[in-house]
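Enquirer: Before we start, here is the structure in question, set down as structure tokens.
The values are calculated or read from the model by the stated rules, or taken from the named source; none is laboratory data. This structure is a prediction, so every number in the text was calculated from the model and none was measured. Note that we place each Cβ from the backbone using ideal geometry, even for glycine, and neighbour counts take in every protein chain shown. Surface areas here come from the heavy atoms of the whole protein model, side chains and all, with no ligands, DNA or RNA. Shrake-Rupley method; radii C 1.70, N 1.55, O 1.52, S 1.80 Å.
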Amino acid sequence: MSSTSRRYRRTACTGLALVLPLAALAACGGGSGGDASAAGSGKGTISVWAHQGQKSEDTALQNAVKSFNASQDKIKVELKLIPANDYTKTITATDASKLPDVMEFDGPTIANFVYNKKLAAIDSYVSAKTMSNATDASKAQGEIDGKHYGLGMYDSGLGIYGNKKLLDAAGVKYPTGLSDDWTAAQFTAALKALKAKDSDGKTLDIQENNGLATEWGTYGFAPVVWSAGGSLLKDGKAEGALDTPAVVSAMKTFQSWKTYVDPNTDGNAFAKGRVALSWVGHWMYPAYSTALGSDLVALPLPDFGNGPKTGQGSWAWGIGANSKNGKAAGAFLDYLLNDTNVTAMTTANGAPPATKTALAKSPLYEQGGPLQLFADQLAKPCGDSDITKSCVAVTRPVTAGYPTVTAKFSDALNSVYGGADPKSALEKAARSIDQDFSDNDGYKIQ
């Protein structure tokens, strides 16, 4: 796997390597949110599980644990790192009674783990200060029925990176922020103008090398659905949300862009200057900034009528549903989510901090910073259901049935990209999702 996809897998959101575990989740039983946790004494040894990411991320986490253990003598944290490829599968396969006091989990898996009685609500265990300092977007990902089951150290975001030199050479005007974003028609016109100045006519990268029938397909291109006024799910149903005429039309437009797309088999289409535009997320900034320097610009995704949209959400931290030391677990989470540790982690992986104070001080994401766009987007969260024209950052559906939603949508997206009729592909996906939800009583968490 290329360094590009490794970076996506480990720092972005759900990760290419986690698609199979996500699919496996759909077959899990459950139905009751069974929180069997107890506050405990607030003293003693607690177990912590986390995914093994980039070396720099692992070091930041290990340093946080060492620092916490040295900062007081009441609680001792024992950290276990599990390879990212195996992480979600491991939690899924482990009985709730054998799970740790504190565990990291991939954002879209949260509802499934609550459904399968593996996570406790954290509201009574973390401090009010920690909860209020979490960004609204981060809280939206971890909230189910008014309770919070997870908070993240970092978030994620999507945009279009542009090569200023190539854009200027083709006479293409581009957005400076959310307020003057491209319409879908203007984006198409920009691709045409760039093609006229490009030797092979390929002017756009959409990370095709990562595959579209994967979590990248859902994370990267569900914003097309949302921006067209549709949704992956609405009130627990995909039909009438995913397959509306406006979404079908938007997918036809997406399909028409294939002629401009560089397959990016080497992962370097944008960095090497073969294309002027790259549709990807925050995690490519380090490589792109090194390659392009001052010619790199960050632009919002195009608007299909309901305002520009982006995905959000990433790895988060929660408390095992069977932990008998919730107070100690909460104290560790309070420490892990302080500015020092959040800043160390986001410096290591380049992601937007998921706490208000660390985000405001971030050289990359602060006002005037090179990635201010991503912070601006996350400052306008939609949650997973109230997708209005004015909000931007949409949480993927918080449902235990998410594995089915992402599998069916990404398959449809891949089919459309390959030339299939968008209306038929979306209708088929919607029917499949709704049938699965019907078969599982809507994945209701009781």
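Enquirer: Among the residues of region 352-368, is any free of Cβ contacts under 8 Å to residues at least 40 places away in the same chain and hydrophobic (A, V, I, L, M, F, W, C)?
Expert: The answer is yes; a qualifying residue exists.
Enquirer: Taking region 226-252 as the search range and keeping residues that are within 21 Å of residue 106 (Cβ to Cβ) and among the aliphatic types (A, V, I, L, M), which one is surrounded by the most Cβ atoms within 10 Å (Cβ to Cβ)?
Expert: Here the residue is 232.
Enquirer: Using the structure shown, decide if residue 70 is open to solvent by less than 10 Å² (accessible area, probe 1.4 Å), modelled with pLDDT of 95 or more, more than 19 Å from residue 313 (Cα to Cα) and assigned to a helix (DSSP H, G or I).
Expert: No: the conditions fail for residue 70.
Enquirer: Filter region 84-96 for residues that are part of a helix (DSSP H, G or I) and polar (S, T, N, Q) and give the result. Quick ask: steps written out before the conclusion?
Expert: Let us first name the residues in region 84-96 that are part of a helix (DSSP H, G or I), namely 84-93, 96.
Passing the criteria: 85, 88, 90, 92.
Enquirer: For region 37-61, how many residues meet the condition of being part of a loop (DSSP other than H, G, I, E, B), of a type in the set (Ser, Thr, Tyr) and open to solvent by 40 Å² or more (accessible area, probe 1.4 Å)?
Expert: Number satisfying all stated conditions: 1.
Enquirer: Hey, another quick one. Filter region 97-125 for residues that are surrounded by 17 or more Cβ atoms within 10 Å (Cβ to Cβ) and either of a type in the set (Val, Ile, Thr) or assigned to a helix (DSSP H, G or I) (or both) and give the result. Can you show your working first?
Expert: Keep residues of region 97-125 that are surrounded by 17 or more Cβ atoms within 10 Å (Cβ to Cβ), which gives 99-122, 125.
Once the filter is applied, which keeps residues that are surrounded by 17 or more Cβ atoms within 10 Å (Cβ to Cβ) and either of a type in the set (Val, Ile, Thr) or assigned to a helix (DSSP H, G or I) (or both), region 97-125 yields 102, 107, 108, 109, 110, 111, 112, 113, 114, 115, 122.
Enquirer: Could you go through region 292-302 and let me know if any residue there is farther than 19 Å from residue 414 by Cα, among the small types (Gly, Ala, Ser), in contact with a helix residue (DSSP H, G or I) (Cβ under 6 Å, 6 or more places away or on another chain) and in contact (Cβ under 8 Å) with a residue 12 or more places away in the chain.
Expert: yes
Enquirer: Need a quick list: helices (runs of 4 or more DSSP H) entirely within region 178-284 having at least 2 residues that are farther than 25 Å from residue 429 by Cβ and in contact with a helix residue (DSSP H, G or I) (Cβ under 9 Å, 6 or more places away or on another chain).
Expert: The qualifying helices (runs of 4 or more DSSP H) are 184-196.
Enquirer: Looking only at helices (runs of 4 or more DSSP H) that fall completely inside region 332-446, which ones have 2 or more residues that are over 30 Å from residue 56 (Cα atoms)?
Expert: Qualifying helices (runs of 4 or more DSSP H): 402-417, 422-439.
Enquirer: Restricting to region 147-168, count the residues that are open to solvent by 40 Å² or more (accessible area, probe 1.4 Å) and within 20 Å of residue 105 (Cβ to Cβ).
Expert: Of all residues in region 147-168, those open to solvent by 40 Å² or more (accessible area, probe 1.4 Å) come to 147, 164-166, 168.
From what's left, within 20 Å of residue 105 (Cβ to Cβ): 147.
Result for region 147-168: 1.
Enquirer: Among the candidates 189, 196, which residue alone is without any contact (Cβ under 8 Å) to a residue 12 or more places away in the chain and either more than 24 Å from residue 369 (Cα to Cα) or exposed (fewer than 15 other Cβ atoms within 10 Å of the Cβ) (or both)?
Expert: Step by step, each of 189, 196 is checked, and only 189 is without any contact (Cβ under 8 Å) to a residue 12 or more places away in the chain and either more than 24 Å from residue 369 (Cα to Cα) or exposed (fewer than 15 other Cβ atoms within 10 Å of the Cβ) (or both).
Enquirer: Does residue 257 qualify as being among the aromatic types (Phe, Trp, Tyr) and surrounded by fewer than 21 Cβ atoms within 10 Å (Cβ to Cβ)? Don't jump to the end; show me each part of the working.
Expert: Values: among the aromatic types (Phe, Trp, Tyr): yes; surrounded by fewer than 21 Cβ atoms within 10 Å (Cβ to Cβ): yes.
Judged against the criteria, residue 257 is a match.
Enquirer: On to the next question. Looking only at region 367-396, how many residues end up being among the acidic types (Asp, Glu) and open to solvent by 70 Å² or more (accessible area, probe 1.4 Å)?
Expert: Residues meeting the conditions: 1.
Enquirer: Identify, from the list 435, 446, the residue that is at pLDDT below 95, more than 23 Å from the chain's Cα centre (by Cα) and either farther than 24 Å from residue 210 by Cα or open to solvent by 10 Å² or more (accessible area, probe 1.4 Å) (or both).
Expert: Exactly one residue qualifies, and that residue is 446.
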